[in-house]
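**Q** The structure that follows is given in the form of structure tokens.
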Amino acid sequence: MKLALLPWILMLLSTIPGPGFTAGAQGSCSLRCGAQDGLCSCHPTCSGLRTCCEDFLDYCLEISPSSGSMMGGKDFVVQHLKWTGPTDGVICRFKESIQTLGYVDSFYQVHCISPLLYESGYIPFTISMDNGRSFPHTGTWLAAHPYKVSESEKSQLVNETHWQYYGTSDTRGNLSLTWDTSALPTPAVTIELWGYEETGKPYSGNWTAKWSYLYPLATNIPNTGFFTFTPKPASPQYQRWKVGALRISSSRNYPGETDVRALWTNDHALAWHLGDDFRADSVAWARAQCLAWEALEDQLPNFLTELPDCPCTLAQARADSGRFFTDYGCDIEHGSVCTYHPGAVHCVRSVQASPRYGSGQQCCYTAAGTQLLTSDSTSGSTPDRGHDWGAPPYRTPPRVPGMSHWLYDVISFYYCCLWAPECPRYMKRRPSSDCRNYRPPRLASAFGDPHFVTFDGTSFSFSGNGEYVLLETTLSDLRVQGRAQPGRMPNGTQARGTGLTAVAVQEDNSDVIEVRLAGGSQVLEVLLNQKALSFTEQNWMDLKGMFLSVAAQDKVSIMLSSGAGLEVGVQGPFLSVSILLPEKFLTHTRGLLGTLNNNPRDDFTLRNGQVLPLNASAQQVFQFGADWAVSNTSSLFTYDSWPLVYQFVYGPKHNPNFKPLFPDETTLSPSETEDVVRLCESDRFCILDVMSTGSPSVGNATRIAHQLHQHRLKSLQPVVSCGWLPPPANGHKEGLRYLEGSIVRFSCNNGYSLVGPESSTCQADGKWSMPTPECQPGRRYTVLLSIIFGGLAIVALISIIYMMLHRRRKSNMTMWSSQP
């Protein structure tokens, strides 16, 4: 989506009398939301520019809440729209195909109920107030992965493990669930079981996903927020469903009525509803299911070949945030509760699903930072035929978020590993990836006044005042742009230094994300296609061509479909940005962050191809930076206030009248030098920022940002892996680390002896110094007996020799005594 903003703004300025103009221009936003033409605007920027049509908020809807689980059942209200007229019926239509019934409350507010969906991300919807004859009101609903919504929005299975092991040995009794009654205001409720399945031939056009209503657990019970029951085996016609969820809704609805206000539990293994055969012998039942899964799995395409290799270390995995992201099931930041991977402290998942099969990679690590492999332990990381987070275009197997993963990777783990002792079968088909082919991404950063560290390691400062190309790539149409504006001196006057105040990014036809400091403050504001986002409900968003995460109020992570990643954060009064590029971008970049080709000498390349030397003066580097100013037609930025329009649309993209403070233009007094050195130590960027802004706090923020860059760079250094080394048959090995310098030691079981080396070392060339030795039976006892009998023979021989010598000596003495 290429956004050419200039033509629209110039047209706007030619028809509107300036910043004093107020809302109320003639025209309507009915069926025009997002439009920038006409006498008035229906574009998200119109509020700040005060150019909106009078009915903008009536047709271009804002809703609350704005998000919920993709399982549906969430009631949301349309803000600002008051409906006092008659209505034949309110219909809410999602994605032009899924319709739910809405209503108007006693305060004349319009409500919709979110539908059950098979995808996550922003879902467009329209509303009809005339029973479906017209749909002029439009908005967007954010559907989230069920595990990424607030726990208060779901019903809770009390002791979820008990639910999922029910019917196995020694697991009986009652099951209970709870819910927040305020989230479902109705006097009586019905609790239903719904099952999930995917039918049809795998990887064919008739492979479909479906949630089905099965049967009620309870009907018309008081809405107390608590229910307990003793499970009974389900009727045979329902037992083909092994994965499902419970839904709680008003008893006024008919059984299985779709898209009504409701609360759902998490999806889970339905052990508690399985038949008597499972309860009689759960191990035999699960073994049969495991063998059936194994047979099916062996007929499906091999998805492992298109998955990325795991990072070698925990440090790499956490630093490579463009391609890997925290697995919420094993997070070191939340206590390392790793139910399926005991022994691990942190796991990550590949952000993007594999292109052909929609599969995902998982990588788990110990507290020592070592990767856990299934070859060594059932706690090892396992790849997924269905990516847990799903994959665009979603909706069809195996790309349905959460649920496809449950069917192909999780319930089979229950069959083979948790309910039956057949885990080797599972691990053989879900082997961990080692890291022999992993290549860390390349890192570049901008921070402070601003200062730049390119992908090839060149460091320089460029205090431009304007909007600039940080990065452009030809491999994919990836564009990253930065806006730099002057800071303020402690006395309030304008400083001769600048800093980043906004960063915008787009790749190919993706959404456009802009991260900026709101209103000159140190508060981050994120815009999606020029509309401000709220993160009060969700901190993870599935967007077109990218994922967006806001784990903290001062940092935004953007993960692009190419594997590139950005992190934008607040550092002092300015923004800092770090960009990660996979090695495939080698020789395909240009802009202020240099030419990625392992050659820093061409990092100062101008648009026309001319290259400045690395020892170019500060003034020459300033001209290099100015050369990379963006154009109006290529700008990704949002101009939603008149100061921005006047400065960056009417004015030049690079302000030639702004004169920065160059390093050779000022000196410090001895006392100032002592204070700066104490603060900055040897960090020249910190020193320059204190000089240009007069603020030690700005300098300190720059020093911290520079240290963070250096720490991440260190974490991303390549390491050599020799790959997994097996233990000897009938023996053991000591050591689960397979990186350069690691030593693996071998030993044998009782009754066997080692033939070969006792250890092997991972060498710098990626090869083990010695192969795995053998453990041969009986040799230990043979050697022991040989030693014993050999020793006895030697003792006997010595005794014989001694006796012979003794006799000979005695004979000689007799002869000597007979002489005269």
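The values are calculated or read from the model by the stated rules, or taken from the named source; none is laboratory data. As the structure is a prediction and not an experimental result, all values here were calculated from the model. With ideal geometry, Cβ positions are generated from the backbone for all residues, glycine too; neighbour counts draw on all protein chains shown. When the accessible area is computed, the model is the full protein with side chains, heavy atoms only, and any ligands, DNA or RNA have been set aside. Shrake-Rupley method; radii C 1.70, N 1.55, O 1.52, S 1.80 Å.
**Q** Identify, from the list 373, 407, the residue that is assigned by the TED database to the domain that holds residue 309 and part of a loop (DSSP other than H, G, I, E, B).
**A** Checking each option against the conditions leaves just 373.
**Q** Taking the residues in segment 314-344 that are of a type in the set (A, V, I, L, M) and part of a loop (DSSP other than H, G, I, E, B) as candidates, determine which candidate is nearest to residue 439 (Cα to Cα). Even if it seems obvious, please write down each step before you answer.
**A** Looking only at segment 314-344, we keep the residues that are of a type in the set (A, V, I, L, M), and these are 314-315, 317, 319, 332, 337, 344.
Then keep just the ones that are part of a loop (DSSP other than H, G, I, E, B); that gives 337, 344.
Working: 337: 29, 344: 23 Å.
Residue satisfying both the conditions and the ranking: 344.
**Q** Mind listing whichever residues of segment 119-137 are part of a loop (DSSP other than H, G, I, E, B), under 30 Å from the mean Cα position of the chain (by Cα) and buried (at least 21 other Cβ atoms within 10 Å of the Cβ)?
**A** If we filter segment 119-137 for residues that are part of a loop (DSSP other than H, G, I, E, B), which is where we start, we get 119-120, 129, 131-136.
Imposing the further condition that a residue be under 30 Å from the mean Cα position of the chain (by Cα) reduces the set to 119-120.
The answer is 120, and nothing else.
**Q** Another one. So the check is Cβ under 6 Å with 6+ separation or different chains; which pairs have a first residue in segment 646-661 that's in a loop (DSSP other than H, G, I, E, B) and a second one that's open to solvent by less than 80 Å² (accessible area, probe 1.4 Å) and not small (Gly, Ala, Ser)?
**A** Filtered contacts from segment 646-661: 653/467; 653/630; 655/465; 658/465.
**Q** To continue, here is another question. Pairs please, first residue from segment 462-475 and more than 15 Å from residue 501 (Cβ to Cβ) and open to solvent by 10 Å² or more (accessible area, probe 1.4 Å), second anywhere and assigned to a loop (DSSP other than H, G, I, E, B) and among the polar types (S, T, N, Q), Cβ atoms under 8 Å, 6+ apart in sequence or on different chains.
**A** 475/562
**Q** Separate question: Determine whether segment 244-259 contains at least one residue that is in a helix (DSSP H, G or I), in contact (Cβ under 8 Å) with a residue 12 or more places away in the chain, crowded, with 20+ Cβ neighbours inside 10 Å and not assigned by the TED database to the domain that holds residue 356. So that I can check it myself, show each step before the final result.
**A** In the first step, residues of segment 244-259 are kept if they are in a helix (DSSP H, G or I); the result is none.
Within segment 244-259, none of the residues are in a helix (DSSP H, G or I), in contact (Cβ under 8 Å) with a residue 12 or more places away in the chain, crowded, with 20+ Cβ neighbours inside 10 Å and not assigned by the TED database to the domain that holds residue 356.
**Q** If residue 96 satisfies every condition in (1) more than 24 Å from residue 144 (Cβ to Cβ); (2) open to solvent by 50 Å² or more (accessible area, probe 1.4 Å) but one, which is the exception?
**A** Going through (1) more than 24 Å from residue 144 (Cβ to Cβ); (2) open to solvent by 50 Å² or more (accessible area, probe 1.4 Å) one by one, residue 96 breaks only (1).
**Q** Still on this structure: In segment 37-107, which strands (runs of 3 or more DSSP E) lie fully inside it and hold 1 or more residues that are farther than 30 Å from residue 639 by Cα and β-branched (Val, Ile, Thr)? Talk me through it step by step, then tell me what you get.
**A** Values: elements: 62-64, 67-69, 75-82, 91-94, 98-101.
Filter on segment 37-107 gives 91-94, 98-101.
**Q** For segment 675-685, enumerate the residues that are without any contact (Cβ under 8 Å) to a residue 24 or more places away in the chain and part of a helix (DSSP H, G or I).
**A** Of everything in segment 675-685, those that are without any contact (Cβ under 8 Å) to a residue 24 or more places away in the chain and part of a helix (DSSP H, G or I) turn out to be 675, 676, 677, 678, 680, 684.
**Q** Moving on to the next point. Residues 425, 479: which one is in the same structural domain as residue 309 (by the TED database) and either open to solvent by 10 Å² or more (accessible area, probe 1.4 Å) or in a loop (DSSP other than H, G, I, E, B) (or both)?
**A** 425
**Q** Check whether at least one residue in segment 518-532 is surrounded by 19 or more Cβ atoms within 10 Å (Cβ to Cβ) and either assigned by the TED database to the domain that holds residue 317 or among the aromatic types (Phe, Trp, Tyr) (or both), and report yes or no.
**A** No; the residues of segment 518-532 include none that is surrounded by 19 or more Cβ atoms within 10 Å (Cβ to Cβ) and either assigned by the TED database to the domain that holds residue 317 or among the aromatic types (Phe, Trp, Tyr) (or both).
**Q** What are the residues in segment 292-313 that are part of a helix (DSSP H, G or I), more than 19 Å from residue 391 (Cβ to Cβ) and hydrophobic (A, V, I, L, M, F, W, C), if any? Explain how you work it out, then say what you get.
**A** The first filter runs over segment 292-313 and keeps only residues part of a helix (DSSP H, G or I), leaving 292-297, 304-306.
Pick out the ones that are also more than 19 Å from residue 391 (Cβ to Cβ) and you get 292-297.
292, 293, 295, 296 - these are the residues of segment 292-313 that are part of a helix (DSSP H, G or I), more than 19 Å from residue 391 (Cβ to Cβ) and hydrophobic (A, V, I, L, M, F, W, C).
**Q** Does segment 531-546 include one or more residues that are within 25 Å of residue 709 (Cβ to Cβ) and out of contact with any strand residue (DSSP E or B) (no Cβ under 6 Å at 6 or more places or on another chain)?
**A** Looking for residues that are within 25 Å of residue 709 (Cβ to Cβ) and out of contact with any strand residue (DSSP E or B) (no Cβ under 6 Å at 6 or more places or on another chain), one finds none in segment 531-546, hence no.
**Q** Here is a further query. Being in the same structural domain as residue 579 (by the TED database) and at positive phi is true for just one of 487, 492. Which residue is that? So that I can check it myself, show each step before the final result.
**A** On the way: 487 fails: at positive phi.
Within the list 487, 492, the selection yields 492.
**Q** Inspect all residues belonging to segment 100-117 and state whether any of them is surrounded by fewer than 19 Cβ atoms within 10 Å (Cβ to Cβ) and within 21 Å of residue 544 (Cβ to Cβ).
**A** For segment 100-117, residues surrounded by fewer than 19 Cβ atoms within 10 Å (Cβ to Cβ) and within 21 Å of residue 544 (Cβ to Cβ): absent.
**Q** Being open to solvent by less than 50 Å² (accessible area, probe 1.4 Å), part of a loop (DSSP other than H, G, I, E, B), on the phi < 0 side of the Ramachandran plot and touching a residue at least 24 places away in the same chain (Cβ under 8 Å) narrows it down to one residue among 736, 688, 725; which is it?
**A** Numbers: 736 fails: open to solvent by less than 50 Å² (accessible area, probe 1.4 Å); 688 fails: part of a loop (DSSP other than H, G, I, E, B).
Checking each option against the conditions leaves just 725.
**Q** If I filter segment 488-506 down to residues being open to solvent by less than 10 Å² (accessible area, probe 1.4 Å) and within 19 Å of residue 445 (Cβ to Cβ), which single residue comes out as nearest to the chain's Cα centre (by Cα)?
**A** Among those residues, the one meeting the criterion is 505.
**Q** Any residue at all in segment 560-574 that is assigned to a strand (DSSP E or B) and farther than 30 Å from residue 718 by Cβ? Walk me through it before giving the result.
**A** Step one: list which residues in segment 560-574 are assigned to a strand (DSSP E or B), which gives 560, 565-571, 574.
If we keep only those that are farther than 30 Å from residue 718 by Cβ as well, we get 570, 574.
Checked segment 560-574: at least one residue is assigned to a strand (DSSP E or B) and farther than 30 Å from residue 718 by Cβ.
**Q** Considering (1) open to solvent by 70 Å² or more (accessible area, probe 1.4 Å); (2) modelled with pLDDT of 90 or more, say which one residue 675 fails and leave the rest.
**A** Result: residue 675 passes all but (2).
**Q** Looking only at segment 571-598, which residues are over 25 Å from residue 623 (Cβ atoms) and buried (at least 21 other Cβ atoms within 10 Å of the Cβ)?
**A** 571, 572, 578, 580, 581, 585
**Q** Can you confirm whether segment 745-762 contains a residue that is loosely packed, with under 13 Cβ neighbours inside 10 Å and aliphatic (A, V, I, L, M)?
**A** Looking through segment 745-762, at least one residue is loosely packed, with under 13 Cβ neighbours inside 10 Å and aliphatic (A, V, I, L, M).
**Q** When residue 635 is evaluated against the numbered criteria (1) assigned to a helix (DSSP H, G or I); (2) at pLDDT 95 or above, which criterion, by number, is the only one it fails?
**A** The single condition residue 635 does not satisfy is (1).
**Q** Turning to a different aspect of this structure: When you scan segment 93-104, do you find a residue that is within 34 Å of the chain's Cα centre (by Cα) and among the hydrophobic types (A, V, I, L, M, F, W, C), even just one? Break it down stepwise before answering.
**A** The first filter runs over segment 93-104 and keeps only residues within 34 Å of the chain's Cα centre (by Cα), leaving 93-100.
Filter once more, so that each one left must be among the hydrophobic types (A, V, I, L, M, F, W, C): 94, 98.
Among the residues of segment 93-104, at least one is within 34 Å of the chain's Cα centre (by Cα) and among the hydrophobic types (A, V, I, L, M, F, W, C), which makes the answer yes.
**Q** Right, next: Which condition from (1) in a loop (DSSP other than H, G, I, E, B); (2) among the polar types (S, T, N, Q); (3) modelled with pLDDT of 95 or more is the one that residue 522 breaks?
**A** Unmet for residue 522, out of (1) in a loop (DSSP other than H, G, I, E, B); (2) among the polar types (S, T, N, Q); (3) modelled with pLDDT of 95 or more: (3).
**Q** Considering each residue of segment 544-561, count those that are open to solvent by 20 Å² or more (accessible area, probe 1.4 Å) and either outside the structural domain of residue 635 (by the TED database) or in contact with an Asp or Glu (Cβ under 9 Å, 6 or more places away or on another chain) (or both), and give that number.
**A** The number of residues fulfilling the criteria is 5.
**Q** Just to check your reading of the model, which residue among 140, 181, 208 is closer than 18 Å to residue 260 by Cα, at pLDDT 95 or above, open to solvent by 10 Å² or more (accessible area, probe 1.4 Å) and among the hydroxyl-bearing types (Ser, Thr, Tyr)? Steps first, answer last, please.
**A** Values: 140 fails: closer than 18 Å to residue 260 by Cα; 208 fails: closer than 18 Å to residue 260 by Cα.
The match here is 181.
**Q** Hey, among 317, 295, which residue is surrounded by fewer than 16 Cβ atoms within 10 Å (Cβ to Cβ), under 30 Å from residue 349 (Cβ atoms) and small (Gly, Ala, Ser)? Let's see the steps before the verdict.
**A** Details: 317 fails: surrounded by fewer than 16 Cβ atoms within 10 Å (Cβ to Cβ).
Step by step, each of 317, 295 is checked, and only 295 is surrounded by fewer than 16 Cβ atoms within 10 Å (Cβ to Cβ), under 30 Å from residue 349 (Cβ atoms) and small (Gly, Ala, Ser).
**Q** State yes or no: is residue 75 among the acidic types (Asp, Glu) and over 31 Å from the mean Cα position of the chain (by Cα)? Walk me through how you get there before you give the answer.
**A** Working: among the acidic types (Asp, Glu): yes; over 31 Å from the mean Cα position of the chain (by Cα): no.
Judged against the criteria, residue 75 is not a match.
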